[in-house]
Amino acid sequence: MDMLPILSALKRHKIAAALILLEIALSCAIICNALFIVSQRLDTLNLRSGVDEAHLVEIGSSSLGNQDGADARTLQDLAALRAIPGVDGVANSNQLPFQNGSWNTALALTPDQQRPTLNAAQYMVGANALKVMGLKLLAGRDFRSEEYQSYGELEAKGGSEAWSGLPVILSKAAADKLFPDGSAVGKTIYMANLSLNVIGVVDTLLRPGLMGNDRSNSVIFPVWENFDEGGRYLIHVANPADRADVLAKAEAVLLKNDPRRLIWRKTTYEDGRADYFAADRDMISLLLLVCGLLLLVTALGIVGLTSFWVSQRRRQIGVRRALGATRGNILRYFQTENFLIVTLGIVLGMALAFALNVVLMKFYELPRLPLAYLPAGAIALWLLGQLSVLGPAMRAAAVPPVVATRS
């Protein structure tokens, strides 16, 4: 097709063409970055926690006022919870993946290391915790029964110094970072100047909060907190359908053991995870809505502009038809014209997309925009442009040659 008539027509309508071009460019920039953010959020929503989510429920409680014998009553609680029908395991832990707030600690390879090798989530668990949580042991062994101690016992032995020499289990991510050239089992690591003996490695155990890039680094201690110190009870249910019933019975059992107890958390793990990611799901919905509205506004702009141009050029179209142009020629003319405008808008939009991504990287720690999103956005806008121009172009193609004779 001869491009000169198209370029000549666009020169006569510079402002209108420039406005549509700018609208397409802004849509391209915003949509590419919005879809990238959506993909990042979807990846986060689908992260594996490492625990047996379908069978796990948790319940947290505290006493109203200071009471003596919290360790003994915690052991009593654990025994009572194990007796509930449908329960095949109970343990206590200070935290779980995908929860607000996190215990963390720095780990190093030498006691005098100036900068720690990594920062890890600090899980403190009671007996049978690995089995109850559903963690997969890749190397080494689980804690032995005699290795478990209460947090209060360690404090009574000498505070932080009593932690030196404790056995620990690492997540695979933490073990690989600490010892990339060999097995971590049997090695010694350091928490400040306190030595820790690595006895095992589990497959995956994410930190509670997902801030930063070290979300997969975790270390597990055989140190459990009583319910007054912030520990919570983890219950592994044999049948996921019984989770609500088990939770209700667990609450009744705990209140029977201590009527003055305050239950501050009671949920299935899946419900707790859903609550944690509620804001991410809302952001995904909002960004998809924005993308949809941008595409709609862009499509309406193309339809409106092309319809206006068709009405302004009816006599010219009639002359071309009288000189032998077919309906297909007229249709291709408007489609080609639209394709040129959209292409220029996409080129400008790609530059704006990278500029917007730089701003997001600086202020919101978003990764660099992958190049794959640019051709994907270009194809989407090209298809949108061709579909939007199709209706007005077909009306233009239907203009009869006799229009050329009218004044």
Seminar exercise, completed: Pairs returned, first residue in region 114-135 that is on the phi > 0 side of the Ramachandran plot and basic (K, R), second residue that is assigned to a helix (DSSP H, G or I) and buried (at least 24 other Cβ atoms within 10 Å of the Cβ), beta-carbon separation under 6 angstrom, 6 or more apart or interchain, are none
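Quick one: is L289 assigned to a helix (DSSP H, G or I) and over 30 Å from M133 (Cβ atoms)? Steps first, please.
Working: assigned to a helix (DSSP H, G or I): yes; over 30 Å from M133 (Cβ atoms): yes.
Spelling it out, L289 is indeed assigned to a helix (DSSP H, G or I) and over 30 Å from M133 (Cβ atoms).
The rows are residues; the columns are (1) more than 43 Å from the chain's Cα centre (by Cα); (2) among the hydroxyl-bearing types (S, T, Y).
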site: G292; (1), (2): no, no
site: L296; (1), (2): no, no
site: V303; (1), (2): no, no
site: R313; (1), (2): yes, no
site: R321; (1), (2): yes, no
site: T326; (1), (2): yes, yes
site: L331; (1), (2): yes, no
site: E337; (1), (2): no, no
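This table checks each residue for (1) at pLDDT 95 or above; (2) within 32 Å of the chain's Cα centre (by Cα); (3) over 29 Å from D271 (Cα atoms).
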{"residue": "Q76", "(1), (2), (3)": "no, no, no"}
{"residue": "N104", "(1), (2), (3)": "no, yes, no"}
{"residue": "T110", "(1), (2), (3)": "no, no, yes"}
{"residue": "D142", "(1), (2), (3)": "yes, yes, no"}
Exercise. For W309, are the conditions met, namely being modelled with pLDDT of 90 or more and surrounded by 15 or more Cβ atoms within 10 Å (Cβ to Cβ)?
Worked result: no
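Mind checking whether some residue in region 368-380 is free of Cβ contacts under 8 Å to residues at least 24 places away in the same chain, in a loop (DSSP other than H, G, I, E, B) and among the small types (G, A, S)?
First, pick out the residues of region 368-380 that are free of Cβ contacts under 8 Å to residues at least 24 places away in the same chain: 368, 371-372, 375, 379.
After this cut, where a residue has to be in a loop (DSSP other than H, G, I, E, B) as well, the list is 368, 371-372.
Retained after the next criterion (residues that are among the small types (G, A, S)): 372.
Within region 368-380, one or more residues are free of Cβ contacts under 8 Å to residues at least 24 places away in the same chain, in a loop (DSSP other than H, G, I, E, B) and among the small types (G, A, S).
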Problem set entry | Condition broken by M3, with the remaining ones in (1) modelled with pLDDT under 90; (2) crowded, with 17+ Cβ neighbours inside 10 Å satisfied | (2)
Exercise. Could you say which residue among L344, L295 is closer than 30 Å to L42 by Cα, touching a helix residue (DSSP H, G or I) at 6+ places or on another chain (Cβ under 7 Å) and in the same structural domain as A29 (by TED's automatic domain parsing)?
Worked result: L295
Exercise. For region 340-351, does any single residue satisfy the condition of being exposed (fewer than 14 other Cβ atoms within 10 Å of the Cβ), closer than 20 Å to K14 by Cβ and more than 32 Å from the chain's Cα centre (by Cα)?
Worked result: no
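Output the strands (runs of 3 or more DSSP E) that fall wholly within region 165-244 and possess 3 or more residues being buried (at least 20 other Cβ atoms within 10 Å of the Cβ) and in contact (Cβ under 8 Å) with a residue 12 or more places away in the chain, or say none. Explain how you work it out, then say what you get.
Working: elements: 166-171, 188-191, 194-202, 218-221, 232-237.
Answer list for region 165-244: 166-171, 194-202, 218-221, 232-237.
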Problem set entry | Contacts under 8 angstrom Cβ, first residue in region 8-21 being surrounded by 14 or more Cβ atoms within 10 Å (Cβ to Cβ) and modelled with pLDDT under 70, partner in a helix (DSSP H, G or I) and among the acidic types (D, E), 6 or more apart | A9/E337; L10/E337
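The values are calculated or read from the model by the stated rules, or taken from the named source; none is laboratory data. The shown structure was predicted, so the numbers you read here are calculated from the model rather than taken from an experiment. We place every Cβ from the backbone using ideal geometry, glycine too, and count neighbours over all the protein chains shown.
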